[in-house]
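S.K.: I'd like to ask some things about the structure below.
The values are calculated or read from the model by the stated rules, or taken from the named source; none is laboratory data. Values in this document were obtained by computation on a predicted structure and should not be read as measured data. Please note: Cβ atoms are built from the backbone with ideal geometry, for glycine as well, and neighbour counts cover all protein chains shown. When the accessible area is computed, the model is the full protein with side chains, heavy atoms only, and any ligands, DNA or RNA have been set aside. Shrake-Rupley method; radii C 1.70, N 1.55, O 1.52, S 1.80 Å.
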There are 2 protein chains.
Amino acid sequence: MDARVGFIGLGRMGEPMVRSLRRAGFPVTSCVHRNRAAMERLREHGVVEAADSAAVASASEIVVICVPDAPQVEEVLFGERGIVHGAKPQTTIVDMSTISPIASRNFAKRLEAAAFHFVDAPVSGGPARAADGTLTIMVGGAAEDVARVEPVLRAMGTPTHLGPVGMGETVKLANQAIIAGVMLANIEALVLAKRLGANLDAVRKVLATATASNYLLEQWLPKTWFAGTFEGGFSLDLLRKDLAAALDAARVLGHPMPATGLAYQLYTTRSAEGDGALDYSAIAKAYERNDTEVVTRHLP
Amino acid sequence: MDARVGFIGLGRMGEPMVRSLRRAGFPVTSCVHRNRAAMERLREHGVVEAADSAAVASASEIVVICVPDAPQVEEVLFGERGIVHGAKPQTTIVDMSTISPIASRNFAKRLEAAAFHFVDAPVSGGPARAADGTLTIMVGGAAEDVARVEPVLRAMGTPTHLGPVGMGETVKLANQAIIAGVMLANIEALVLAKRLGANLDAVRKVLATATASNYLLEQWLPKTWFAGTFEGGFSLDLLRKDLAAALDAARVLGHPMPATGLAYQLYTTRSAEGDGALDYSAIAKAYERNDTEVVTRHLP
C-alpha cells in the first residue's frame, strides 16, 4: 500500500511536485504554509488540507519539506506547531529544500534523538521538470531510510543516493556553485561576442558542438535572456542564498573559492539593483549597455 | 579537381589536421616551422615538403595556417620568407589559429591590399577530434571566400560561417572565455564536495542530469583531473593567451569581464607555479590540499 505522504511548502517547486505524487497515486496531506491559492488548486487534485505542519505530520508516514532555506526548515520541523509536535515515532522526514549540508546534518541529529528518520533530497531541474516528474534528486541518508522513501522520490524524478545525511545537499550546492559560474562565463563571453557583431543564436548553435557546451547556454538562456525575459526560471536571490551556503561550508573547511566568491558578489550587486526576484540570467543586465550598437568602429 | 593545399604549423593540432586533408585526397605541401619530426611522419602520408612558407604558398591555391598566436601568424604571412612572398595573386589564406579578432581583421586588410583572400577559421575539439576530422570550425570571411575553402574545411570537421572576417575568432574567443570559467566553477565546487566526502565519479554522473551539466565535467575532467593526469588536453598557457586576447578586445570595447579577468589571474598564478604546459584542469592543484582528508570532523 502506498505510504501516506505529508508535504509542506507549496511554492513554485512544491506545487508541481505534489501533483506528481498525486499522479502516482500517493495520498497527500498538506497545509497552507505561505500559499493559499496553491492549496486550493491542489485540493481539486485530491490533496487533503490539514491545519499546520504538526497536523500534516500526524496524518503521514513520510513527511516531505520543500521550503526556501534552513531557517524555514527549522521552523517547519521544530517550531510551535512544527512536525516534531505531531509526528509519530519512526516517521521519516525528507527535506527537499536546498540548504547547507551543515544545517542538514544538524537537523538530522536532533531528529534522530527524537526517534525520527531524516533524509536530505534536494532537486535540480526547475518548475518544468517538477511538473513532468523528471527532477534530478540528490539523496543523502542511511540506506534503510533512503529505501523507505524511494517510491515517493521516484514519483517526482530520479533519485540518486550519494552518501550519508548531508550528501544530497553537498552535491546540490556543488551544482549551484557550478551554475553560478557557468552563467557568468556564458554572459561575459556572449555579450562580448554580441558587441563585436555576432548573432547569438548562431553562436549558441556552434558552441553546443564545441568545448564550451553547457546546459545553461543550450536550454536555459534561450527561454530567458535570449527570449528577452527574465521572468520564471530560478530567482537570483535563491541562487545567492545557495552560494552563501556553499561559501559558508567552504569557510568552515578552509577551502578557497575565489571565482564563486566573486560570483556571489556580482549577483548580490545585481540584487541590490532591484533584480533579486528575476531569473539569475538577469545578471546580463550588468553587462549590456544602453548604447547597444555593434562597436566595429573600434576595430581595424 | 581538389585544390592544392599548403599547410603551415604542424603542432599538436596541425599534424592530425593535415592527416585528415590527406585522407580526403587533398594534395598537401608543408614545411618545417618548428617541428621536424611531424614533417617526417607526414611525408610518409604523401605530404610534400617545401623549404619555407613562401615556397609552400607558391605550390598552393589555398594556404592554411595553424600556429599559436598573432605574432606567429604575422611572421608566417609577412616575414622574410612568408606567404606573401610566394603566393600567387588570388590565393586564399585560411588562418585556423586562435588569435584576437582585431589582429585577424588587421591581417585581412593587409592581405586584401595585396590581392589575396583571407578567411579566419579557428577550431574547437582538441587533438582527438582533429584526428577524427570532426572538429568544430568557426568561420569568418566573405561568402565567396568561405565557399572556396569549404571543401578543405569539411575534410577537417564541420565549418559554420558566422559572419565577416574576424567573426570566427570572435566566437572562438567566446568559447575560450566560457571554458575558462566553466573549468574553474567545476573545480571549486567539486573540490568542496570532495572535501565533504563526496565520490566525484558519482557527483559527475548525477550533475550530468542537472542544471550544472557541461562538456568539461562530463568529457574533459574524466580524462584529466579525475584520471590523475594533467598531460595532454589543452595547455594552460594557451588558454591564458586566448583569455588575454578576449580581455584585450573587451578593453577596446569598454566591456566588463570581471569573472573572466579573475580567471585569467588565477590561471596565470598557476602558470607562475610552473604548470603552464599542463592541461588547464591543472588549476585544480591550486585547490587541493596536501592534507586531503575528508573534513567531516568540522561538521556536526
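S.K.: Taking the rotation that carries B onto A, look along its axis and tell me which residue of B has the beta carbon nearest to it, distance in whole angstrom.
M.R.: It is B:214, 2, counting Cβ atoms only.
S.K.: Of all beta bridges DSSP finds with both residues in region B:5-164, what is the antiparallel percent, to the nearest 5?
M.R.: Details: 3 of 26 bridges.
The answer is about 10 percent antiparallel.
S.K.: Around residue B:152, under 15 Å between beta carbons, what's the net of Lys plus Arg minus Asp minus Glu among the other residues?
M.R.: On the way: positive: B:4, B:19, B:22, B:23, B:148, B:154; negative: B:2, B:61, B:95, B:120, B:144, B:145, B:150.
That works out to -1.
S.K.: Also, quick follow-up: Over chain B, what is the relative contact order in percent, taking alpha-carbon pairs closer than 8 angstrom and at least six residues apart? Walk me through the numbers on the way to the answer.
M.R.: Details: 544 pairs, mean separation 40.5, N = 300.
After rounding, I find 13 percent.
S.K.: Moving to a separate point now. Could you give log10 I(q)/I(0) at q = 0.15, 0.16 Å⁻¹ for chain B, computed by the Debye formula over C-alpha point scatterers of equal weight, without solvent?
M.R.: So the normalised log intensities work out to -1.14, -1.25.
S.K.: If each label sits 7 angstrom from Cα along the C-beta direction, how far apart, in nm, is residue A:115 from its counterparts in the other copies?
M.R.: Residue A:115 label point versus its equivalents elsewhere: 9.7 nm.
S.K.: Taking θ = phi - 60°, what integer Hz values does the Karplus form 6.51 cos²θ - 1.76 cosθ + 1.60 yield along region A:74-85, in sequence order, with x for Gly and Pro?
M.R.: 4, 4, 5, 7, 10, x, 3, 10, x, 3, 4, 8
S.K.: When you take every Cα atom in region B:5-164, what is the radius of gyration, and what is Dmax, the widest Cα pair distance, in Å?
M.R.: When restricted to the Cα atoms of region B:5-164, Rg and Dmax are 13.9, 38 Å.
S.K.: When DSSP beta bridges are limited to those with both residues in chain A, what percentage is antiparallel, rounded to the nearest 5?
M.R.: On the way: 4 of 27 bridges.
Antiparallel: roughly 15 percent of the beta bridges in chain A.
S.K.: Which distances in nm, rounded to one decimal and ordered from shortest, link the label point of residue B:228 to the equivalent label points in the other identical copies, with labels set 7 Å from Cα toward Cβ?
M.R.: 5.5
S.K.: For residue A:118, what residues show an amide H to amide H distance below 5 Å, using hydrogens built from the backbone and excluding near sequence neighbours?
M.R.: A:93
S.K.: Continuing with the same structure: Determine the distance separating the Cα centre of region A:1-66 from the Cα centre of region B:150-189; give it in Å without decimals.
M.R.: Taking the Cα centre of each part, region A:1-66 and region B:150-189 sit 47 Å apart.
S.K.: Continuing with the same structure: Would you mind giving the total buried accessible surface between chains B and A, with a 1.4 Å probe and ligands, DNA and RNA left out, rounded to the nearest 100 Å²?
M.R.: That pair hides around 5800 Å² of surface in total.
S.K.: More than 32 Å apart: what percent of Cα pairs in the protein assembly as shown qualify? All intermediate terms of the calculation are to be shown ahead of the outcome.
M.R.: Working: 92428 of 179700 pairs.
Pairs farther apart than 32 Å: 51 percent.
S.K.: Considering only protein heavy atoms, what per residue accessible area in square angstrom results for region B:5-164 with a 1.4 angstrom probe?
M.R.: Accessible surface, normalised per residue, equals 38 Å².
S.K.: Do the sum for chain B: with -39,500 (n - 2.57) for every DSSP H run of n ≥ 4, divided by all residues, what is the mean residue ellipticity at 222 nm, to the nearest 500 deg cm²/dmol? Numbers along the way, then the final one.
M.R.: Details: 11 runs with 133 residues, N = 300.
After summing the helix terms and dividing by the residues of chain B, the value is -14000 deg cm²/dmol.
S.K.: Then there's this: Mind ranking A:76-87, A:264-275, A:157-168 by how tightly packed they are, going by the mean number of other C-beta atoms within 10 angstrom, highest first?
M.R.: Numbers: A:76-87: 19.7, A:264-275: 16.2, A:157-168: 23.1.
Descending packing order for the listed peptides: A:157-168, A:76-87, A:264-275.
S.K.: May I pose another question? When the accessible area of region A:51-116 is computed with all protein chains present and a 1.4 Å probe, what percentage of it is carbon and sulfur?
M.R.: Values: 1240 of 2420 Å².
After summing per-atom areas, the C and S share lands at 51 percent.
S.K.: Here's another thing I want to ask about it. Is region A:169-286 best put as rounded, prolate or oblate by its Cα gyration tensor, with a ≥ b ≥ c the root eigenvalues, rounded for a/c under 1.5, and otherwise prolate when a/b is larger than b/c, oblate when not?
M.R.: Numbers: a/c = 1.99, a/b = 1.54, b/c = 1.29.
In terms of gyration-tensor shape, prolate.
S.K.: Kindly write out, for region B:90-97 in residue order, the coupling ³J(HN,Hα) from the Karplus curve 6.51 cos²θ - 1.76 cosθ + 1.60 (θ = phi - 60°), rounded to whole Hz, with x marking Gly and Pro.
M.R.: Calculated HN-Hα couplings, in order: 6, 4, 9, 10, 10, 9, 9, 5 Hz.
S.K.: Taking every pair of Cα atoms in region A:75-150, average 1/r, invert it to obtain the Kirkwood radius, and report Rg/Rh to two decimals. Please report the intermediate quantities before stating the final value.
M.R.: Numbers: Rg = 13.1 Å, Rh = 13.3 Å.
Expressed as Rg/Rh, it is 0.99.
S.K.: Say we join alpha carbon atoms closer than 10 Å with springs in a Gaussian network model of chain B; which of B:201, B:248, B:95 then has the biggest fluctuation?
M.R.: B:201
S.K.: What does DSSP give for the protein assembly as shown in terms of the percent of beta bridges that are antiparallel, rounded to the nearest 5? Let's see the in-between values first.
M.R.: On the way: 9 of 55 bridges.
The answer is about 15 percent antiparallel.
S.K.: Report, for residue B:150, each distance to the same residue's label point in the other copies, shortest first and in nm; define the point 7 Å along Cα→Cβ.
M.R.: Relative to the other copies, residue B:150 has label-point distances of 5.3 nm.
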